[in-house]
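Have a look at the structure below before the remarks.
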Amino acid sequence: MSLLVVGLSHRSAPVSVLERASLAAETQAKLLQDTLAAEPAVEAAVLATCNRIELYADVDKFHAGVAELSTLLAQHSGVGLDELTPYLYVHYEDRAVHHLFSVACGLDSMVVGEGQILGQIKDALALGQELHTAGRLLNDLFQQALRVGKRAHSETGIDRAGQSLVTFGLEQLAAGADVTGWARGKRALVIGAGSMSSLAAATLARAGVTEIVVANRTRARADRLVEILHQPGGTGVAARAVEMAAVTRELTRADVVVSCTGATGLVLTAEAVAGALGLAFDPASEAPAASVPAPPADPDRHAAWLENGAAGTVRQAVRRATVPAQGAGPVRLALLDLAMPRDIDGATARLDGVRLVDIESLAEASADAPMAADVDQVRTIVADEVAAFGAAQRAAHITPTVVALRTMAAGVVAGEIARLDGRLPDLDEKQRAEISQTVRRVVDKLLHAPTVRVKQLASEPGGAGYADALRELFDLDPQTVAAVSRADLNDPNRGRS
């Protein structure tokens, strides 16, 4: 079996496609269950964030696996396969491991080095464990990815190469000014009460805003976030919760709006923002469409297409089409949209006095940022960890065969000792124990060098065939080897997060 990942992200697809392909929690569960029901896959995990959707699977056939996983992503995302395929990337075996480790370290994030992806990887693993779709390979893979990500953040300055999306987004709103100075004295409206919205509220409070209003569809969650902001030892910011129906009214008082909800439609329309500012809005003044180059349909060629920079051309072209130039005049209302699908109408950017920063503009700004030396250090860590993970997996592949060999040898020894008892019934216990120990030592010494060496050879690239050779040489029962593998896989202490 081999690791395969099929997915799309901000690096391969325009935001319009990512918005439509976003997966709700219940859809992710159904996707995992259907993936296991498909023929090529025996394990599955899905990593779905605001800017990526990736399906990981342990498959026995590459091309059949790519076709099946691509089809399943299309079916569950609601985006047609023909439309989705050009934006999909495919990674296999060591490249798939390298990809996930890079993602875990923040190298593939919109803002390089952001650490929130670690929590999302942990959630992906937890879902696979809960649904029993993550077996030995994916448990090992995701657990190791979490360790690699933590190592990158602890041993390097990758955190200095980028920040969280919230911090980076506020810096973009401040347009080069110090965020603390820019935010001081402003009134903020936070729409949503999830992890990203909570982080935004806390960041704004530390930056010095005078008031934070939290709006959420579930009022209790908004109240809870306000309670956290009011806790002793906090920033002392004035905070209150409101119903979602009050958002339009609160817009008239706000200087900064941060929105990150799970809504499937727009939370703030251009008309609503214009009305709050007392502006007229002409919906007919749309930006002209841009010409977007078509990527190759063959998933095998897609990685090379991305490496050659074509995906950046797509992002730039789509951005020109979907996000017009910012409105004229001094900024009266700053909007930060961290949702996927988007919460805030992109047309608000054309309103005078409005500055909009969204997921796509963050991607553009991040792509232009210089790469720190720490990034190269993290890449070295990733390369080393990929090699170590591959060696460990190859060595683990032969372990059931080695265990079966030693089990067979122990059975041979036990049989011979029993036969000796029949031939020499007058042996006392001391003599019998000495003979038994001698025979076991002989067998152990004969097996020691071959088993140690075969584990070393199996851990090297191309070493997968040594397990088969060992089974053939010693005529091992395949059912015994399989039983050892099942016992290891069903160990309740294995691979739990």
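The values are calculated or read from the model by the stated rules, or taken from the named source; none is laboratory data. Since the structure is predicted, the reported quantities are computational estimates derived from the model, not experimental observations. Cβ sites come from the backbone with ideal geometry, for glycine too, and all protein chains shown count toward neighbours. Heads up: the accessible areas ignore ligands, DNA and RNA and are worked out on the full protein's heavy atoms, side chains in. Shrake-Rupley method; radii C 1.70, N 1.55, O 1.52, S 1.80 Å.
Any residue at all in the stretch 370-383 that's at pLDDT below 80, open to solvent by 60 Å² or more (accessible area, probe 1.4 Å), assigned to a helix (DSSP H, G or I) and among the aliphatic types (A, V, I, L, M)? The answer is yes, given that some residue of the stretch 370-383 is at pLDDT below 80, open to solvent by 60 Å² or more (accessible area, probe 1.4 Å), assigned to a helix (DSSP H, G or I) and among the aliphatic types (A, V, I, L, M). Scanning the stretch 48-72 for residues that are of a type in the set (A, V, I, L, M, F, W, C), in contact (Cβ under 8 Å) with a residue 40 or more places away in the chain and open to solvent by 40 Å² or more (accessible area, probe 1.4 Å) yields a single hit, Phe62. As a summary of the residue check, Gln163 satisfies the conditions (1) open to solvent by 50 Å² or more (accessible area, probe 1.4 Å); (2) modelled with pLDDT of 90 or more except for the one numbered (2). There is at least one residue in the stretch 458-481 that is within 30 Å of Ala104 (Cβ to Cβ), in a helix (DSSP H, G or I) and at pLDDT below 70.
Each residue in the stretch 111-123 was checked for being open to solvent by 10 Å² or more (accessible area, probe 1.4 Å) and either in contact with a Lys or Arg (Cβ under 9 Å, 6 or more places away or on another chain) or not basic (Lys, Arg) (or both), and 8 of them qualify.
Total residues in the stretch 384-417 satisfying the condition of being surrounded by fewer than 16 Cβ atoms within 10 Å (Cβ to Cβ), of a type in the set (Gly, Ala, Ser) and closer than 23 Å to Asp94 by Cα: the figure is 3. Screening the stretch 1-99 for helices (runs of 4 or more DSSP H) wholly inside it with 3 or more residues that are aliphatic (A, V, I, L, M), closer than 25 Å to Val386 by Cβ and at pLDDT 90 or above returns the ranges 62-77. Given the structure, is Ala254 crowded, with 19+ Cβ neighbours inside 10 Å, in contact with a strand residue (DSSP E or B) (Cβ under 6 Å, 6 or more places away or on another chain) and more than 24 Å from Ala24 (Cβ to Cβ)? So Ala254 fits the description; yes.
Please determine whether any residue of the stretch 19-41 is open to solvent by 30 Å² or more (accessible area, probe 1.4 Å), under 20 Å from Arg342 (Cα atoms) and more than 19 Å from the chain's Cα centre (by Cα). There is no residue in the stretch 19-41 that is open to solvent by 30 Å² or more (accessible area, probe 1.4 Å), under 20 Å from Arg342 (Cα atoms) and more than 19 Å from the chain's Cα centre (by Cα). Total residues in the stretch 10-31 satisfying the condition of being among the polar types (S, T, N, Q) and under 27 Å from His132 (Cβ atoms): the figure is 3. Can you find even one residue in the stretch 189-201 that is open to solvent by 40 Å² or more (accessible area, probe 1.4 Å), more than 25 Å from Gly113 (Cβ to Cβ) and free of Cβ contacts under 8 Å to residues at least 40 places away in the same chain? No, the stretch 189-201 contains no residue that is open to solvent by 40 Å² or more (accessible area, probe 1.4 Å), more than 25 Å from Gly113 (Cβ to Cβ) and free of Cβ contacts under 8 Å to residues at least 40 places away in the same chain.
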